[in-house]
Amino acid sequence: MTNSQIFKTNLISSIMKKLFLTLTAVTALTLASQAQTEKGKFILGGQVGFETSKEKDTDVKNNAFSINPTVGYFVSDNWAVGTGIGYNWGKAENGSSTVETSAFQVSPFVRNYIGEGQFKFFSQLSVPMQWGNRTNEAAGIETERKFQRYGVELAPGFAFFPTSKVGIELKVRGLYFDSYKDKATDLTTNSFGLDANSLAPSLGVQFYF
């Protein structure tokens, strides 16, 4: 066998080994991502948010904080049920007036995944509920009002699974209905809409085990 033939044989062997390793890695990731959404698995995630702002040369400033962990269980392949439990707080100040809001939140959900491999689409039907207080302070007078909020949301999203236990998600709010009731005045405000702004999706990370 000539040197040229030996070189070609070694080159082909090297290419075949790399191709085999690549296919093995892709297959492993595909099987892992399929296993993530199979019956009996758990999903754990949530959101933590903080926001602060202040208008220059004014007394106007806003602060907000939220923490909403979620947990779910796959009752069958690609179908998960679960709930989120959290707390939201916000404070808006404008000179002599202050509005402070705090609320406890529960959001049960059902989620369905569609697709194979590392990339999957999903749709999530959730029922967000809030119970909270809204405190207004102006001219030294403070008033407190309780409120409750109930809603329904159908949100589409996309999930990418880089590892066997992590999913990176992009989701928009989608179709929603919201009912807000001020318990002091017994006034109820209902809203319905479609929020599918693909330029401002929410980004999240979920853990599967």
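Of note:
- Matching residues, the stretch 177-205, being modelled with pLDDT of 90 or more and either over 29 Å from ALA80 (Cβ atoms) or not hydroxyl-bearing (Ser, Thr, Tyr) (or both): PHE177, ASP178, LYS181, ASP182, LEU187, THR188, THR189, ASN190, PHE192, GLY193
- Subset of the stretch 45-58 that is closer than 26 Å to VAL81 by Cα and exposed (fewer than 15 other Cβ atoms within 10 Å of the Cβ) - its residue that is farthest from the chain's Cα centre (by Cα): GLY49
- Selection count where residues are touching a residue at least 12 places away in the same chain (Cβ under 8 Å), over 21 Å from LEU203 (Cβ atoms) and not acidic (Asp, Glu), scope the stretch 118-154: 19
- LYS61 vs. criteria without any contact (Cβ under 8 Å) to a residue 60 or more places away in the chain, of a type in the set (D, E, K, R), loosely packed, with under 13 Cβ neighbours inside 10 Å and touching a Lys or Arg at 6+ places or on another chain (Cβ under 6 Å): no
- Qualifying positions in the stretch 53-89 - in contact with a Pro (Cβ under 8 Å, 6 or more places away or on another chain) and under 12 Å from VAL106 (Cα atoms): GLY82, THR83, GLY84, ILE85, GLY86
- Sole exception among (1) at pLDDT below 85; (2) more than 21 Å from the chain's Cα centre (by Cα) for SER33, by number: (2)
- Search result, residues across the stretch 90-117 that are over 29 Å from VAL75 (Cα atoms) and either touching a residue at least 40 places away in the same chain (Cβ under 8 Å) or of a type in the set (Gly, Ala, Ser) (or both): GLY90, ALA92, GLY95, SER96, SER97, THR98, SER102, ALA103
- When the stretch 150-209 is filtered for residues that are of a type in the set (A, V, I, L, M) and either surrounded by 13 or more Cβ atoms within 10 Å (Cβ to Cβ) or in contact with a Leu (Cβ under 9 Å, 6 or more places away or on another chain) (or both), the ones remaining, listed by number, are VAL152, LEU154, ALA155, ALA159, VAL166, ILE168, LEU170, VAL172, LEU175, LEU194, ALA196, LEU203.
- Any hit, the stretch 49-61, residues being out of contact with any His (no Cβ under 9 Å at 6 or more places or on another chain), among the basic types (Lys, Arg) and within 17 Å of SER126 (Cα to Cα): no
- Scanning the stretch 162-178 for residues that are under 15 Å from PHE122 (Cβ atoms) and either among the acidic types (Asp, Glu) or assigned to a loop (DSSP other than H, G, I, E, B) (or both) yields GLU169, VAL172, ARG173.
- Looking only at the stretch 112-136, and only at residues there that are within 14 Å of the chain's Cα centre (by Cα) and within 14 Å of GLY167 (Cα to Cα), the one that is surrounded by the most Cβ atoms within 10 Å (Cβ to Cβ): PHE122
- Lone qualifier among PHE209, PHE192, PHE119, PHE161 - being touching a Gly at 6+ places or on another chain (Cβ under 7 Å) and of a type outside the set (Val, Ile, Thr): PHE161
- Entry remark, the stretch 118-157: residues being polar (S, T, N, Q), in a strand (DSSP E or B) and within 25 Å of GLY72 (Cβ to Cβ) number 5 in total.
The values are calculated or read from the model by the stated rules, or taken from the named source; none is laboratory data. It should be emphasised that the depicted structure is a prediction, and the values quoted were computed from it without experimental measurement. Reconstructed Cβ throughout: ideal geometry from the backbone, glycine too, with neighbour counts over all protein chains shown.
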